[in-house]
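A.B. asks: Take a look at this one; I'll ask things after.
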Amino acid sequence: MKQTHSAAMRCAAGLLLLGITTALYAAPITRVDQQNQGIVAGTNGGASFGQSFTPTLPAIDAIEFLMAGLGQAVVVNILDGLLGADGLGGPVIATSHPVTVFTLNGQQTIHFDFPTRVALTPGQTYVAQLFTPGGIEGVSWTAGDTYTGGQFLQEGLAPSNLAAQDLIFIEGMNQPITTPESDWLFSLGLLGVGLVARHNRPRLGTRTTG
């Protein structure tokens, strides 16, 4: 009987774990706010780069860029406004977790998460600045002003020189993905654990006197 109880408990716990794992799984940038996914027109390297953007969401917590590197620790700074001679002089309002960019087969999409949600004002211009002390080895851009909500920025160059170019990027929110199947498994797991715990609850016996 104890083996049956143990097996039931393991089964219920397994279903519960599966339900929790599925329900809490979050794909990168599942709620896209702004993006530019055009055809690569060129790749630049050697300095600090940025992309100005105009959000519609009141906050973001992740951003991705198509870029290359050989072991660089890169962060993304969110700058408040397009300021300075090169557009990269705005105050930093958030910095992502550093990511080591190591690509052997050309450009790859690199995902950056922020420690907390970055509060933004919809309709206001911000800059996502790619920064590493040694300079960025490579960022891909598109031509023809394929993203109209901002532009490509490069340290030391006036924004007017790059007005028709944009970095390839996506910004938005990481959101949990839940499905009816995962919700059903989660509920089943909770029910199973509850039934097993109730069955194993100590029972008060009746005493008889002879």
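A.B. asks: Is it the case that Gln129 is crowded, with 21+ Cβ neighbours inside 10 Å, more than 14 Å from the chain's Cα centre (by Cα) and either over 18 Å from Ile168 (Cα atoms) or in the same structural domain as Ile168 (by TED's automatic domain parsing) (or both)? Don't jump to the end; show me each part of the working.
C.D. replies: Values: crowded, with 21+ Cβ neighbours inside 10 Å: yes; more than 14 Å from the chain's Cα centre (by Cα): yes; either over 18 Å from Ile168 (Cα atoms) or in the same structural domain as Ile168 (by TED's automatic domain parsing) (or both): yes.
Yes, satisfied.
A.B. asks: Taking the residues in the range 76-106 that are surrounded by fewer than 17 Cβ atoms within 10 Å (Cβ to Cβ) and touching a residue at least 40 places away in the same chain (Cβ under 8 Å) as candidates, determine which candidate is nearest to Asn174 (Cα to Cα).
C.D. replies: Only one residue tops the list, namely Asp80.
A.B. asks: Name every residue in the range 164-191 that is of a type in the set (A, V, I, L, M) and modelled with pLDDT of 95 or more, in order of residue number.
C.D. replies: Narrowing the range 164-191 to residues of a type in the set (A, V, I, L, M): 164, 167-168, 170, 173, 177, 185, 188, 190-191.
Ala164, Leu167, Ile168, Ile170, Met173, listed by residue number.
The values are calculated or read from the model by the stated rules, or taken from the named source; none is laboratory data. The model shown is predicted, which means the values in this text are computed figures rather than measured ones. Cβ: placed from backbone, ideal geometry, glycine included. Neighbour counts: every protein chain shown.
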